[in-house]
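S.K.: Submitted below is the structure of interest, expressed as structure tokens.
The values are calculated or read from the model by the stated rules, or taken from the named source; none is laboratory data. Quantities reported herein were computed from a predicted structural model and do not represent experimental measurements. Cβ coordinates were reconstructed from backbone atoms using ideal geometry, including for glycine residues, and neighbour counts include every protein chain displayed.
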Amino acid sequence: MAERRKYKKRFCKYCEAKVDFMDYKDVGALRFSLSERYKIMPRRLTGNCKRHQDMISTVIKRARAAALVPYTVTRKAVVTAPFENLR
Amino acid sequence: MRNYENLVIVKPTLTAEEIQASVKAIEDIITSNGGEIAVTDAMGMRKLAYPIDKNERGYFHVIYYTVAPSAITEIERRFRINEDLLRFVTIKYDTNREVIAFNKLVQKAQKKSETPAKEEVKTEAPAAQAEAPVAEAAAEEAVAPAAE
């Protein structure tokens, strides 16, 4: 296992796609950096670089303010498929 | 002059004409404060990720424009007074990279508005279905206070 970990390379998905700017209205693209409960995923799990993590966090916060992405998902206020109308 | 983008969410309880009227009023606020609207993009009625003032849906409208930075406070003040708006989000496009992105977004929105014929044919059937329940809901809500 130790050997395998040695070869596993973390890479930033956004660097590979050469993303320069993210649009907060494009919610489907934010999905990658959100957890099941719509928390922002940490860098150590997604492998994002610092630059793109900073970008995605501001973009997600904008999308939350615009009611495109929920702030929280609790047991009381369950959002049933909030991405359903995204096509 | 600086590039800005405003996303406004209009109340879903209004009728289609009232929504169009309030969207026009919003655009008038921007133009009367010296703004030049580049393009507008109607995202249409859609479900909110969380209820705002007990509303589950909202009419999304995006406006791309250029205006002097000092006018933004006045525009936002006018938006806050407007009771038809559930929410507005103002985004500034300042750095070179952001300006390039802004121009791309404007072009994308222009293309979308230029070729409505194709989209209409595709989305006509589901759109008609989607609008019907909205209209009913609006009618019900309009009736409810009167009944009380």
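S.K.: Select, from B:Thr40, B:Thr15, the only residue that is within 14 Å of chain A (Cβ to nearest Cβ) and not aromatic (Phe, Trp, Tyr).
M.R.: From the options B:Thr40, B:Thr15, the qualifying one is B:Thr40.
S.K.: For the stretch A:43-61, state whether one or more residues are assigned to a helix (DSSP H, G or I), modelled with pLDDT of 75 or more, polar (S, T, N, Q) and more than 28 Å from B:Tyr64 (Cβ to Cβ).
M.R.: yes
S.K.: Another one. Which residue, of B:Ala68, B:Ala49, B:Ala21, is free of Cβ contacts under 8 Å to residues at least 12 places away in the same chain, touching a Lys or Arg at 6+ places or on another chain (Cβ under 9 Å) and small (Gly, Ala, Ser)?
M.R.: Answer to the check: B:Ala49.
S.K.: Tally the residues that are more than 25 Å from B:Ile72 (Cα to Cα) and in contact (Cβ under 8 Å) with a residue 40 or more places away in the chain, restricting the search to the stretch B:24-46.
M.R.: Here the count works out to 1.
S.K.: Hey, A:Glu84 hits all of (1) surrounded by fewer than 12 Cβ atoms within 10 Å (Cβ to Cβ); (2) under 22 Å from B:Pro51 (Cβ atoms); (3) modelled with pLDDT of 85 or more but one; which does it fall short on?
M.R.: If we test A:Glu84 against (1) surrounded by fewer than 12 Cβ atoms within 10 Å (Cβ to Cβ); (2) under 22 Å from B:Pro51 (Cβ atoms); (3) modelled with pLDDT of 85 or more, just (3) comes out false.
S.K.: Here's a follow-up. Scan the stretch B:64-85 and tell me whether some residue there is modelled with pLDDT of 90 or more, facing another protein chain (nearest Cβ under 9 Å) and either within 22 Å of B:Thr13 (Cβ to Cβ) or in contact with a helix residue (DSSP H, G or I) (Cβ under 8 Å, 6 or more places away or on another chain) (or both).
M.R.: Within the stretch B:64-85 (the criterion being modelled with pLDDT of 90 or more, facing another protein chain (nearest Cβ under 9 Å) and either within 22 Å of B:Thr13 (Cβ to Cβ) or in contact with a helix residue (DSSP H, G or I) (Cβ under 8 Å, 6 or more places away or on another chain) (or both)), the answer is no, since none of the residues qualifies.
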